[in-house]
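For reference, the structure is listed below as structure tokens.
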Amino acid sequence: MGAKFLPVDEQLALLKRGAVDLVSEEDLRRKLERSRAAGQPLAVKAGFDPSSPDLHLGHTVLLRKMAHFQRLGHRVIFLIGDFTAMIGDPTGKKATRPQLTRDEVMANAETYERQVFRILDPGRTVVRFNSQWLSPMGSEGMIRLAGRWTLARMMERDDFRTRFQTNQPISLHELLYPLVQAKDSVEMAKLPDVGCDVELGGHDQIFNLLVGRDLMKEERLEPQVCLTVPLLVGLDGHDKMSKSLGNAIAVDDPPREIYGKAMSIPDALMWDWLLLLTDVAIPEIAARKAAVERGERHPKRVKQELARTLVAQFHGDAAAADAEAEFERVFADGGAPDEVPEVVLSAQPLAAALVAAGLVPSRKEAQRMVDQRAVSIDGAIADSWQQPLSPRPEPYLVKVGKRRFARLRVR
């Protein structure tokens, strides 16, 4: 006897939460109806290129959508793009990505597998590497694959078209990326123990996902449904979350770091984060927003609830409570964290000491922070970046900005 599934309308309500593109809802409904009648789960594909070792909350928007399918009883294929990572996904890039070595890709892939199961159910997740079918293709297979698409169609992609119009180089291997991603869907659909009924991706991936749908039709396979999710805006409130932009919260960040960073986001960003990063019901999010707009609820309280939820997802409720208490003591009461790193230094001017302690990246930044009155020593605002830190028995407690602390023991 097959598995039992919720009514299709109830499934669709969860799957469409926060979605941007759905091509097509009619096809997804038909597949869900067939799945429910047969008692067989859908095969849902999402590919991740291990181009860096750390996952951040932006990645978890897609992982949470995968978890939605799992919650409904469907099977998720977590496809690690060990082959495609060596090409480098050009999506949204203004310049060619550096190509990674095989060793770099596999080291990153190991950390991905460990991190994703904080969100996904291991029992409903199939892990595959796309080198399984892409590596054996060889040069002949790759040329044949390239021959199935025209340059004109490839240049319909916004990022390729923009780079071409601004005279930015486009490498030939980048043009292959959408086709290779599409080939993943074709090959997975042919494997009886894998399959590919639905492909998930970020909104910027819709072109690639649709190429996969087209190639599947050409091979007389049932085309995949394409469902995309938004790109999460990062801590700055402007750009998409990215480690390289310094506006990210990593999945592996400690509880206090996650809580503090979440509390730093602009108020206007809270509502999208609640929708995309939590299970708070959509009517409840709307009610909280309306209460804030009427002045009946302080936005800080809503943000605290969000921060607690995010910490609890990765570290548990106890860690979330501790992180909140720490935040209140440090930032509301003007105290210092329980754990402050201690650095031993020789006597030197303040700016040099801040750099040596890792509190700022450069002396220029140290000068800027002091000039903005954002540096304090033992609770007193620093007057000059040139002031000396002389030896004394007890360490100096130095604070830079809102969240950077160090005890500097000067000898």
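Here are some notes:
- P(r) of the stretch 253-332 over all Cα-Cα pairs, binned every 10 Å from zero, in whole percent: 19, 51, 28, 2
- Residues whose placed amide H lies under 5 Å from that of residue 389, excluding near-sequence neighbours: 348, 350
- Cα-Cα over 30 Å, subset of 16/402; 183/240; 65/399: 16/402; 65/399
- Among 184, 103, 322, the largest mean-square fluctuation in a Gaussian network model of the chain (Cα springs under 10 Å) belongs to 103.
- The stretch 8-229 - convex hull of the alpha-carbon atoms, volume per residue in Å³: 123 Å³
- Each residue of the stretch 317-325 was assigned a 3J(HN,Hα) from its phi angle through the Karplus curve 6.51 cos²θ - 1.76 cosθ + 1.60 (θ = phi - 60°); the sequence is 5, 5, 5, 5, 5, 5, 5, 5, 4 Hz, with glycine and proline shown as x.
- ³J(HN,Hα) computed for each position of the stretch 231-242 - Karplus, 6.51 cos²θ - 1.76 cosθ + 1.60, integer Hz, glycine/proline x: 8, 5, 6, x, 4, 6, x, 10, 8, 5, 4, 7
- Plainly put, the chain has a radius of gyration that is 1.04 times its Kirkwood radius, both from alpha-carbon atoms, as the Rg/Rh ratio.
- Amide H within-cut-off set for residue 232, under 5 Å, with H built and near neighbours excluded: 241
- GluC sites (Glu not before Pro) restricted to DSSP loop in the stretch 309-391 with at most 15 other C-beta within 10 Å: 339
- Trypsin sites (Lys or Arg not before Pro) lying in DSSP loop within the stretch 281-371, provided at most 10 other Cβ fall within 10 Å: 294
- Sorting 230-236, 263-269 by their mean Cβ neighbour count within 10 Å, with the most densely packed peptide first, gives 230-236, 263-269.
- The relative contact order of the stretch 8-229, computed from alpha carbon pairs under 8 Å that lie at least 6 residues apart in sequence, is 28 percent.
- Using the Karplus relation 6.51 cos²θ - 1.76 cosθ + 1.60 with θ = phi - 60°, the per-residue 3J(HN,Hα) values for the stretch 204-214 come to 6, 9, 4, 4, 4, 5, 6, 4, x, 4, 5 Hz, with x marking Gly and Pro.
We did not get these values from a lab; they are worked out from the coordinates using the rules stated. What you see is a predicted model; the values in this text were computed from it and never measured. Reconstructed Cβ throughout: ideal geometry from the backbone, glycine too, with neighbour counts over all protein chains shown.
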